[in-house]
Every structure is written in C-alpha cells, then in structure tokens.
Amino acid sequence: MSDLRTSAHAGSKRTVIRNAKLLGNDLADVVIEGPVIVGVELPGLTDVTDATVIEADGLILLPGFVDLHTHLREPGREDAETVESGTRAAALGGFTAVHAMANTDPVADTAGVVEQVWRLGREAGWCEVRPVGAVTTGLAGKQLAELGAMADSAAQVRVFSDDGKCVDDAVMMRRALEYVKAFDGVIAQHAQEPRLTEGAQMNEGALSGILGLRGWPAVAEEAIIARDVLLAEHVGSRLHVCHVSTAGSVELIRWAKAKGVDVTAEVTPHHLLLTDDLAASYDPHFKVNPPLRSAADVAALRQGLADGTIDAVATDHAPHPVEDKECEWSAAAFGMLGLETAFSVVVESMVNTGLLDWEGVADRMSWRPAAIGLVAGQGRPIEVGEPANLTLVDPNATWTVRASELASRSRNTPYRERQLPGRVISTIFRGRVVVTDSQAVEQSDELVRSSGA
Amino acid sequence: MSSGRTRTVLEASDIDRVLTRISHEITERAKGASDLVVLGIQTRGVPLAQRIARRIEEFEGQHVPVGALDITMYRDDLRLRPARPLESTQLPDMGIDGRTVVLVDDVLFSGRTVRAALDALGELGRPRIVRLAVLVDRGHRQLPIRADYVGKNLPTSMEESVRVRVREIDGEDLVTLTKSPPKPVGGGDAA
Amino acid sequence: MNKHLLSAGDLSHEDALLILDTAAQLARVADRPVKKLPTLRGRTVVNLFFEDSTRTRISFEAAAKRLSADVINFSAKGSSVSKGESLKDTALTLEAMGADAVVVRHGSSGAPHRLASAGWINASVVNAGDGTHEHPTQALLDAFTLREKLANGQGDLAGKNVTIVGDVLHSRVARSNVLLLDTLNANVTLVAPPTLLPVGVQDWPCSISYDLDAPLGDCDAVMMLRVQGERMNDSYFPTAREYSRRYGLDTRRMSLLPEHSIIMHPGPMNRGMEITADVADSKRSVIVEQVANGVSVRMAVLYLLLGGIPEEGGATNE
C-alpha cells in the first residue's frame, strides 16, 4: 500500500496533483480549483501554498471512469445496495460517473423514478449518477415507456434499456430505436432471445452437458444483435449493445461498423477474464447473465476491445444478498459485483497483456462511454478549463480482494481471495477528492452541495 | 522390509508335521470326524484349514466340509484405518448349525481376530461347539481367549514380529521371527 | 476412495472395482439368517431427499440398516423460492444432529457439490441423484449387474458393448453410466433423437447413433432410459407414438439382440413408451435384479466411506 500521499490543507479549495504521468505519457503537475482544472504544468513549477497536495510519483492520471452499466438497486432492493453504497463503491473503483440501470422496484420507467435516483446520487455526492430509463413500461416489453418525459426530466435521461430483459419484439425494438432520435437518445439492448434461453443456467457448451446445467447458447445473443444492427441501419438510429459476451457477437459488431451502422458496444471486466469452466465448482458466485463463456470468446472480446470494435468497459455491477448466492446453482441469482475491481481486471486482462496502453484505457473507460451516454463534463481532456473528474492509479500495486472489505453492501465478487494488479489511489469528482490512498473520504453535506450539479 | 535380525521358527517340513499332529488332535477329541466343519479365518487361515481338512479326510476316510470366514466387518479396530477390502466368507452347504466348528488361523496374538470370528460365526448360525486351532501362539493376549490346538508356542516380545508364509498364497511355507517393531502390513501378523 | 461420492467420474478403475468386489461380498448377507453386519453400528446416515423417490430411498435405507447404522429420513420439498433455506439451513440442522453420512437427492444439479464443499457439514456426502447431472450409485449397480451377467462377477467390463437408449439430455443415469462404463473399459453407444443429446456429446467417451436398430445386433446389454411424454410439449419429439416407434424397445427389436444380451432399466418404467410390457417382463430383462443389486452396492459405498477413517487422496488401500 502506498504511503499517505495527500496532505490536506483545511479549508483549501485548491488541489495540486504533483508528478503524475498524464495518460501514462508526460509528467505534469495538475492544479484544480473548485470544480475545474486551472493548471497543467511541468512538474516542480507549481506553487503549492494553501493547497491540498497529492504526491503522484509513479502514478498515472486518467480521466474519471464512466460506467455505462451499473445496478444500484435503489429503489426496491436496498438490502443488496443503495445509491449511496453503490456510488461509494464506484468512486473507490475510480468512476466519476455511473449509469444506473432501470430494473429497480418500481422500475425506472417514469420521470418520477429517474428523478428520485438522480437526486439520491446528488445527495450522496460520490460520483455523477445518470439514471437509465426503461424502454418499456415495467420492462414487460409490451408498451413503450414515457421516454420523452424521462429525457426532459431533471435526470436528462439519454440511455434507455430494459436490461435484465431483452426487447425481443422486433416491432417494439424498431419503434424504440426510431422514437429516441428526437432527443438524441440511445437504446442499450440486453441481447438475449428469451425462448432460446428459458431456464438457462450457464454457457451452452461441452461443460454444460457434463454438469447437467441448462445451456445459454451464444446464438441467443448473436441473433438479436444481428437483427438489431440491421434495424438500426434501416431506421438510421444509434444502437448500443450491452455486455457483449461471445466471439460471434464481436464479429457481428465489427461487420456492422464496417458497413457504417451507428452501433456501439460494451464488455464487462469479468467477460475479459473469467471462463465457463469456473461453473464446474457449482459455486454460484460464477453465475451471471450473460454467462461466462469459453477461452476463445474471452480472447475475441479482448481483441475486440483492443481494436475498438468494442467501445467501452462497463461493469454490469450486480449486487445480490448473501442468501441469493449461498445456495444451489439453479436457485441462485445471476450477477457479480464489479465497480471496485473493474480497473484491476482491465489491467490484468488488457494492459499487462499488451493489448491496451493507458490512453486506450482512458478511451474505453472514460472518453467513449461518456460520448455514448452524452455525459457532458465527463470523459474530457485533462486540460485547463475542463471539469476536474480524474482518477489517479498505481499500475504496479497489487491487492487481494476481500469480500468483507468492499464498500458495496453485497459480497458477491467472483475474485474473492484473488490477487489483482493495479490500484485506484485517488478519485476526484468535480474537483472534490472523494478517494484518497484508496480509501473513501467522507464528504460534508455542505461540500457536496457546494460543488454543484 | 524388516531391519532387525530374522530367524526361522518353522520350516516347511515342520509346518507339515505340526498340521498333521493338530489334525490328529482334532479327531481324537471329537472322537471321529462326523460333525466337523473346519473354517479358516481369512486370509492365511484358509489354506491351513484346507490342509487340515484334507488330512482328516485321509485318515478318517470321511468327507470333512471346509470353508472360509472373513471377519473384516466384525473387527473392533475399523475406525483406526481406512476401510479395508473384504474377503469372502464361504460356508459349506450344510451350514454350521449343531456342528463342531474348528476355526483355523495362522497366528494367535491379542485374540481380537478370534473374538471377531466368534461374533461373525454367531450371526451365521449356531454351532454346538467351537474350537480354535492355530499354527503359532505368540502370547500377549488382550482378551480371555485361548487356542485348543497349537502348532507351536512361541514366546515373543512386543518388539518382535511373527511372519507366516503359506505355499498357496506366498509360494513357500515358512514362519519367521523378526526383531523390530511390528508394522501394520505383512503376512499373518494377527491383531 | 475419498470422503464423498459425488460423481461416477471421480472413481478410478481401482476404486470402481473395489466397490464392485465389496458389493459382491456384501450381497451374501441377504442370504443369511441374520441379515446384518455390525460394522456401522452407532453411525448415523441421513437420507436427505428433496425429490420424491421411494425406491432409491428404501434402497439406501436397507443398505444402511444392514450395516447396523441408524437411519434418519428427511423428506424436504425444496423449492427455488425458499432458496438457501432449503439447503444450507437443512444442512446445518443435520450437522447439529451428528450425521456421519448424508445421502442426498435434489432437483438441482450440483446441490451435493455445494453440500460437500460449502463447509456447512462434516459428514460424507453421497449423491443419490442431482438434477440432470449424475446418479453414481445407479451406475455402480448397473455395472455390478452387467458384471454378474456378462463377466462372471469378476474384473471389469472390457470388450463389452453396452447400448444406452433414451433422453440422454435430461438423464443423470446416462451421464454416470457413460463415465463409469468407460472407466471399466466397456464400449458404450448412446442412441437418441438429436434433440435429446447434449451439445458436446461427440466428445464423450462413447459412440452416438440416431438409429436404434443399428447397434442391437452386436450388443451385450441394452439399457433403456425413462422418457417423459411431456417432452413432446417442448418439441423434443413430435408425439409419444413417433418416439416409441423410432426409439422404443419392442419384441421385434429384442429379437435382433444376441442370445446372451440382457435388458436393463433404472426404473421407473414408462411401459409403452420406451419399453413394451412384453420386453420388460421377458426373461432377458434383469430389471428386478438391478433393484436387489442396488442394496449391495449401496452397502459397499456406505462401508467404504464410513467403515474406516477417510483416506488422503486416491484409491489405494493397505
């Protein structure tokens, strides 16, 4: 663990990050005042009077990460996670913005619910919360939700998804794709043909046949993606594909992009690292939707993220209470935590394998996701005048994941007792240092309010 | 393998003579062979029982039923080691009810094997009389059990081990005494 | 043998023969006046059945009692709604009661694995059938029956051709049998319509045939698996009639078998579906013997798991 790097100056509104490697390239001192970057200078030239100083030698400064896919569970499942605990976990993971998925209870299919989630995020103050609106009311797939009302609300929703469920009706998907053009929205599809995956438990392959667990075939994901990219092309809309998990899906997206279809895609950290043979233990900590796949799929996903076919890393952070994971496989809930381990898993699977450099990490974890979600103020260059949403990381640190030490309310991480490389040291959200020395810094209400929306 | 001094206690010819004497003693006491059943205790008691039965048949001119008794399931020390493979229990067709059963074993030591054999026998039927014949009695009884017919009385110390080899299983007939702490494996070192 | 019996695939050739040889000895107990051995006296065996199965439960109960163990029957209808309450809390209760072995049948594949590895109990776990995964003692009693009938009750099944017919996709009996028969060096052929074979079956240690008539001329044993008529509602096959016409064992097909061939079924049978009444009741059918052999085999399993201290690692005995 690093020594304490931050010397706080009480009452100071000025923060100086010294000797950081910007995007893994040049060394610089970065000066922040209020919510804005006011200086990016050669190291050693900065005046640090009355400033909180963060010593960053050996550390890399990246734009704050933007997660396109998180489950904060509030309202409805506060036993698993709340907006406060989830965004705290996000900040520890280096995220300065998260998109909160709509499959809450009640479902986020009205302006009222999305505004509630947005407000909870502001009050917690750990990072920006961008609520995702449901595509159909109640996620039932039968009727479009009031997408316009959600877009116009204080939450300014731009990403719509029935995630958890697939918008499988072709006409419904077409209408949704067309409708959101009016406010530059994007439909984020959870690609899973429901009839091909009834009762499915794990990837359909040699192992599912041996383990006696019903299979979730790759074609159930690929068939929907194939249809949706053609629909998006036909109606001239943007499409975003959630948690791509198969080699075939990567190929389809590559083909669609080459044709000029406006499609973007995300991959979860766990799909970049873990394979379906973990299911042989029947430990439901490895049960997730879409399921862990084969080594060949993992390799194709890594390649796809490296060459930009896949635009973003999105965690699909899915907290579940202990009893939903401590039982037999078929009774267990689908999903894994992801916010606090995402960066490390990307380091292990993409950086340490030479597939992505630090600019690539900035691109896939911040620039592109911010662009896809149209999140103003996030994914910005590290330059004077830009909002100070920054993440400072130690590429050489290692840490052991202990479920009980995570900030999330839930414990369902697949990396229990695993050593991972890379650590988020500091996270700065709108100029406020919310994470220091890999620990969350409690914020006063006043401070949170003062930093504005 | 044993690391101490080993000496021969009984050679093949000794064993032959001893078995012949025991066979005579059995028929003398039973006044013939009419209701005898000879049962060997697995493993090495079995070929010894067969040889005794054949000898009795020779000089009495009467068929002597012979069988085998596996006592594994009746042992009192099962929980001390991993589960042992079973050997077969084969009783002659007419059974043992009301008959004179002669149990045959290679070495009598603590007496626990014989106790187990008596329990096993009790669940297979009700003999009128049970007698015990052993090739070697090495002393150190832990239970009130004694043999009726003994091939050789062999006083031993606890640091010595007795090893019985029989032709039918080991390729030769030999009884040896070795000075070293007894090991759990090996021929005929009855518990 | 190690502490649990969860999968037939965990048994080495040596382990499997040890179980079968032990079962052969224990089978004699049934012929004795006192049908009991004192070996597991004072041990407690719990039958933890989340799925109804009178036949298997009684078989395990008889096996445990013949070894003088105490038997507790626990019939729990676990539903996915009660989740952890079904398995974990039940396990903790059994541990508090001092179970030495837990024989578990559950509708969820992997439930015995969870019991054995979650750290809730110290008992040995015997898988009596988990979902569509495995049923190792069934495979063992099938192998025992095959050995008695085809190999004089000794050694393994080298060179024997066994044909298994039916809903392989949903059959734990098929999975366990394929694994164990391969370990015992038999040649297995699976026969089923393509819809009832799992993805990846071509990598299993057996051959596949979509045609039932083809392997019959050459096979030493036919094992018919139960096929549920309701599968036709999920389009695995069009009608029960077409299924039995193409994959049912009837008198005509029985006549294709060599003289010495035997017919097996794990039960319960769907007479008229996968097997006609004539065939089930014919002289070649060893279905009743399979049941009797089940008790001996389960006695052997319980004895080897509980009759001594647990072994480290593999199959060696002294």
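Some values worked out for this structure:
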item	result
Verdict on B:Arg99 being basic (Lys, Arg) and more than 16 Å from C:Leu37 (Cα to Cα)	yes
Region C:286-318, residues that are hydroxyl-bearing (Ser, Thr, Tyr) and modelled with pLDDT under 95	C:Thr316
Qualifying residue in region B:64-86 (condition: in a helix (DSSP H, G or I), farther than 26 Å from C:Glu14 by Cβ and more than 14 Å from chain C (Cβ to nearest Cβ))	no
Residue within region A:217-234 that is modelled with pLDDT of 95 or more, over 21 Å from A:Met365 (Cβ atoms), within 14 Å of another protein chain (Cβ to nearest Cβ) and in a helix (DSSP H, G or I) present	yes
Residues of region C:273-291 satisfying the condition of being loosely packed, with under 15 Cβ neighbours inside 10 Å and out of contact with any helix residue (DSSP H, G or I) (no Cβ under 7 Å at 6 or more places or on another chain)	C:Ala277, C:Asp281, C:Lys283, C:Val288
Single residue of region C:241-272 satisfying the filter (in contact (Cβ under 8 Å) with a residue 40 or more places away in the chain and of a type in the set (Gly, Ala, Ser)) that is surrounded by the fewest Cβ atoms within 10 Å (Cβ to Cβ)	C:Gly267
Residue match in region A:423-436 (condition: assigned to a loop (DSSP other than H, G, I, E, B), surrounded by fewer than 18 Cβ atoms within 10 Å (Cβ to Cβ) and modelled with pLDDT of 95 or more)	no
Qualifying positions in region C:186-206 - within 11 Å of another protein chain (Cβ to nearest Cβ) and β-branched (Val, Ile, Thr)	C:Val199, C:Val201
Strands (runs of 3 or more DSSP E) lying entirely in region C:189-287 (those with 3 or more residues that are hydrophobic (A, V, I, L, M, F, W, C))	C:221-224, C:262-264
Any hit, region A:204-215, residues being touching a helix residue (DSSP H, G or I) at 6+ places or on another chain (Cβ under 9 Å), modelled with pLDDT of 95 or more, more than 14 Å from chain C (Cβ to nearest Cβ) and assigned to a helix (DSSP H, G or I)	no
Qualifying residue in region C:288-298 (condition: in contact (Cβ under 8 Å) with a residue 40 or more places away in the chain, within 14 Å of another protein chain (Cβ to nearest Cβ) and within 18 Å of the chain's Cα centre (by Cα))	yes
Residue among B:Phe109, B:Phe59 that alone is aromatic (Phe, Trp, Tyr) and buried (at least 19 other Cβ atoms within 10 Å of the Cβ)	B:Phe109
Members of region C:203-249 found to be in contact with a helix residue (DSSP H, G or I) (Cβ under 7 Å, 6 or more places away or on another chain) and charged (D, E, K, R), listed by number	C:Asp203, C:Asp213, C:Asp220
Residue match in region C:157-167 (condition: out of contact with any strand residue (DSSP E or B) (no Cβ under 8 Å at 6 or more places or on another chain), among the basic types (Lys, Arg) and either surrounded by fewer than 24 Cβ atoms within 10 Å (Cβ to Cβ) or within 12 Å of another protein chain (Cβ to nearest Cβ) (or both))	no
Subset tally (residues that are more than 19 Å from A:Ile210 (Cβ to Cβ) and facing chain A (nearest Cβ under 9 Å)) for region C:116-147	1
Residue, nearest to the other protein chains (Cβ to nearest Cβ), within region C:38-56, restricted to residues that are in contact with a Ser or Thr (Cβ under 6 Å, 6 or more places away or on another chain) and buried (at least 17 other Cβ atoms within 10 Å of the Cβ)	C:Pro38
Filter result for C:Ala27 (modelled with pLDDT of 95 or more, within 14 Å of chain B (Cβ to nearest Cβ) and under 18 Å from the mean Cα position of the chain (by Cα))	no
Options C:Asn185, C:Asn161: the member that is in the same structural domain as C:Asp250 (by TED's automatic domain parsing) and either under 20 Å from C:Ile19 (Cα atoms) or of a type in the set (A, V, I, L, M) (or both)	C:Asn185
So A:Thr398, is it in a strand (DSSP E or B), buried (at least 22 other Cβ atoms within 10 Å of the Cβ) and polar (S, T, N, Q)	no
Which numbered condition C:Gly107 fails, given (1) modelled with pLDDT under 95; (2) surrounded by fewer than 20 Cβ atoms within 10 Å (Cβ to Cβ); (3) within 14 Å of another protein chain (Cβ to nearest Cβ); (4) under 25 Å from C:Leu304 (Cα atoms)	(4)
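For (1) touching an Asp or Glu at 6+ places or on another chain (Cβ under 7 Å); (2) farther than 21 Å from A:Thr268 by Cβ; (3) outside any loop (DSSP other than H, G, I, E, B), each residue gets a yes or a no:
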residue	(1), (2), (3)
A:Val157	no, yes, no
A:Asp162	no, no, no
A:Lys165	no, no, no
A:Met172	no, yes, yes
A:Glu178	no, yes, yes
A:Ala182	no, yes, yes
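The values are calculated or read from the model by the stated rules, or taken from the named source; none is laboratory data. It should be emphasised that the depicted structure is a prediction, and the values quoted were computed from it without experimental measurement. Reconstructed Cβ throughout: ideal geometry from the backbone, glycine too, with neighbour counts over all protein chains shown.
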